Amino acid sequence: MIDRCICHEVTFAALRSLAEGGADLPELQRRTGCGSSCGLCLAYLARMLATGETTQRVMSDADARVWTARALDAIRGAPMNAAPGKNPRSGA
Ligand code: FES
């Protein structure tokens, strides 16, 4: 089961608490460093923010691509509910 950003030793439960206080993914990164090293947790961070799940099964490669794209969009400033890989501002 996946329950934390290993590189920065921060649990998804702790990150969810910060998110419930209003922190989005870029803010979580600034405050904890999560997702800013190897990046393997980005998909799980995005799914945690969308679903609230703080303990997750290992994703399939296809799911990991979708959720990583959502995380990267959020980091670039696109809303988390935008279609993965699409920038709602440009439509590209
Ligand atoms: S596991 Fe989160 S940045 Fe490496």
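Here are a few things to note about the model shown:
- Selection within region 40-55: residues that are aliphatic (A, V, I, L, M) and part of a helix (DSSP H, G or I). The member of this set that is farthest from the ligand (Cβ to nearest atom) is ALA50.
- Filter result (closer than 20 Å to ARG65 by Cα and basic (Lys, Arg)) within region 30-48: ARG47
- Residue tally, condition free of Cβ contacts under 8 Å to residues at least 24 places away in the same chain and either near the ligand (Cβ under 10 Å from one of its atoms) or not in a loop (DSSP other than H, G, I, E, B) (or both), over region 12-39: 8
- Taking region 7-29 as the range and being over 13 Å from the mean Cα position of the chain (by Cα) and within 21 Å of ALA69 (Cβ to Cβ) as the test, only CYS7 passes.
- Failed item in (1) of a type in the set (Gly, Ala, Ser); (2) loosely packed, with under 14 Cβ neighbours inside 10 Å; (3) at pLDDT 95 or above, with ALA43 passing the rest: (2)
The values are calculated or read from the model by the stated rules, or taken from the named source; none is laboratory data. Keep in mind that this is a model prediction, so the values were computed, not measured. Please note: Cβ atoms are built from the backbone with ideal geometry, for glycine as well, and neighbour counts cover all protein chains shown.
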